[in-house]
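These notes concern the structure reproduced below.
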Amino acid sequence: MKVIQYTPEKLHTALVSNSQYLTKVYSKYTKEEKRLLEEGFHAGQPGSLFQLLTVHSDSDWILAHPEEPEDFEAFYRKPYRKTPNESQSTIYIQTIGSFGEVAAQTDQYMEWLRDYCQAFFYGLSVKLLPAVAVSETKCSFRVNSNSYNLQILTGDLLQFLKKRKPKDAFCIVGITMIDLYPKDSWNFVFGQASLTEGMGVFSFARYDDNFYKRSYAGRLKKHLQPRQKDYSVFDGYYTPPITSSLLLRSCKTMTHEIGHMFGISHCQWLSCVMQGSNHLDESDRRPLDFCPICLRKLQFAIGFNIAERYKALLHWMDEDQTQTSVKASASHTTPHFTKPTEAFNASKLWVCRCLEILEKDQ
């Protein structure tokens, strides 16, 4: 395992900048907010709130796709960076294909994702678009030659989303339980985004704990090659059960991809949800939230109160929470499913530690 570690001075420059103007902007944070953000300078030390970035194999993203680390100043000066405004401040989520056998549970799962997204990107509105079948996208698809599961082409889905994007959208993201591929030469991709168009699509298929097992229910018979445009192959196609680990992984991927919509590049500074990911182990190592440098980027773009954002996240993670968007708006006959937040316990404790710093002198 390789540990990537920068000096406190380098991290300070990445967070604050050498620009006189951006340094002045940073000075407007409260002393508690600065204390939280500057915890990153001590990453890796015992009891540190933030952790160092680690590379475990040559297949990890940071080695397979070398990129220049993006500090706050580079983010600020990025010419194509998008910022929400009064006329375009809504994040839209488009479900593609089936998300489970029980319709009511699927609807509530989507509400959990919507509510988490709204807490994570605190201050913006997040809305669900009516779900669509794979056939409605008119996308190309294939059977993966290694895993023998169905895959749909990301480029076609992005073109579909472009046509569906509402005028008041800051961005639109498509989510699916069907595996994705970006081009014939690639085995798969977790997700893909077009930053300039404000669109992204990502799949939760590989977040099923059984995906890489021979017993995976989504495997088709070998040599089966369905005809293009014959979307009947997706009728009744397997979707993973909704578990706590699936929900955790879904939240990570969703917020990572939407983070790109703000112009935030893959993080190369500290352990962060914006790290790139080539495989499930690497994705699982990522924390649920931002490092201080990426947090400053998002806060600058949206303008939220940092403490209020963490309170919203903590409220969502509270496993005893019984009020959900679906339950509040549905009739008393609608079945209610308990949010499976067991996998969020470590993140919940971490958010509590962040709030202790932010509210220490209040």
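The values are calculated or read from the model by the stated rules, or taken from the named source; none is laboratory data. Since the structure is predicted, the reported quantities are computational estimates derived from the model, not experimental observations. So basically every Cβ, Gly included, is an ideal-geometry build from the backbone, and we count neighbours across all protein chains shown. Areas reflect the complete protein model, heavy atoms only, side chains present, ligands, DNA and RNA absent. Shrake-Rupley method; radii C 1.70, N 1.55, O 1.52, S 1.80 Å.
Relative contact order of the range 90-256: what whole-number percent is it, with Cα pairs under 8 angstrom and at least 6 residues apart? Computed value for the range 90-256: 27 percent relative contact order.
Rolling a 1.4 Å probe over the protein chains gives Val3 an accessible area of about 70 Å². Considering the chain as a Gaussian network with a 10 Å cut-off on Cα pairs, which listed residue, Phe170, Phe190, Phe211, attains the greatest mean-square fluctuation? Of Phe170, Phe190, Phe211, the most mobile in the Gaussian network model is Phe211.
Counting only cysteine Cβ atoms and a cutoff under 4.7 Å, the chain contains unmatched residues Cys117, Cys139, Cys171, Cys251, Cys294, Cys352, Cys354. Here volume of the Cα convex hull per residue in Å³ was computed from the coordinates, and among (1) 132; (2) 200; (3) 152 the match is (3). Glu67 exposes around 70 Å² of accessible area when a 1.4 Å probe is run over every protein chain in place.
Using only alpha-carbon positions in the range 90-256, the gyration tensor eigenvalues give semi-axes of 25, 18, 14 Å once each is multiplied by 5 and square-rooted (largest first). In order along the range 42-54, the Karplus-derived 3J(HN,Hα) couplings, from 6.51 cos²θ - 1.76 cosθ + 1.60 at θ = phi - 60°, round to 10, 4, x, 7, x, x, 5, 6, 10, 10, 6, 6, 10 Hz, and Gly and Pro are given as x.
Of the residues Gln20, Ser89, Gln51, the one whose Cα sits farthest towards the positive end of the charge dipole of the range 1-120 is Gln20 (charges of +1 on Lys and Arg Cβ, -1 on Asp and Glu Cβ, taken about the Cα centre). Once the Cα atoms are used to define both axes, helix 292-302 deviates from the longest principal axis of the chain by about 80 degrees.
Determine the order of Trp269, Trp350, Trp186 by accessible area, beginning with the largest, at a probe radius of 1.4 Å.
I get Trp186, Trp350, Trp269, largest accessible area first.
For the set Lys10, Lys78, solvent exposure ranked by accessible area (probe 1.4 Å, protein chains only) runs largest to smallest as Lys10, Lys78.
Give, as a single signed number, the net charge of other residues whose beta carbon lies under 12 Å from the beta carbon of Tyr29, with Lys and Arg counted +1 and Asp and Glu -1. Spelling it out: positives minus negatives among the neighbours equals +3. Candidates Phe41, Ser277, Ser194 compared by Cα position along the dipole of the chain: farthest toward the positive end lies Ser194, with charges placed on Cβ. The angle between the Cα long axis of helix 154-164 and the main principal axis of the chain comes to about 80°, on a 0 to 90 degree scale. Phi angles of the range 191-202 translate, via the Karplus equation with coefficients 6.51, -1.76, 1.60 and θ = phi - 60°, into HN-Hα couplings of x, 8, 9, 10, 5, 5, 8, x, 9, x, 9, 8 Hz per residue; Gly and Pro are given as x. Only helices enter this figure: runs of n ≥ 4 DSSP H residues, each worth -39500 (n - 2.57), summed and divided by the residues of the chain, yield -10500 deg cm²/dmol at 222 nm to the nearest 500. Shown here for the range 60-157: chymotrypsin sites (Phe, Trp or Tyr not before Pro) in loop regions (DSSP other than H, G, I, E, B) with at most 12 other Cβ atoms within 10 Å, namely Tyr80. Measuring with a 1.4 angstrom probe and ignoring ligands and nucleic acids, His65 comes out at about 50 Å² accessible.
Ranking Asp71, Asp107, Asp184 by solvent-accessible area of protein heavy atoms (1.4 Å probe, all protein chains present), from largest to smallest, gives Asp184, Asp107, Asp71. Across the chain, the mean sequence separation of Cα contacts (distance under 8 Å, 6 or more residues apart), normalised by length, yields a relative contact order of 23 percent. All other residues whose Cβ lies under 10 angstrom from that of Lys252 are scored, Lys and Arg at +1 and Asp and Glu at -1, for a net of -1.
Antiparallel versus total DSSP beta bridges in the chain: what percent is that, nearest 5?
Here the share of antiparallel DSSP bridges comes out near 40 percent.
Seen from Thr137, the other residues with C-beta closer than 12 Å to its C-beta sum to a net charge of +3, counting Lys and Arg as +1 and Asp and Glu as -1. Accessible surface computed residue by residue for the chain, with neighbouring protein chains in place and a 1.4 Å probe, gives 46 Å² per residue. For Val126, the amide hydrogen comes within under 5 Å of the amide hydrogens of Ile91, counting only partners 5 or more places away or on other chains and with H modelled in the peptide plane.
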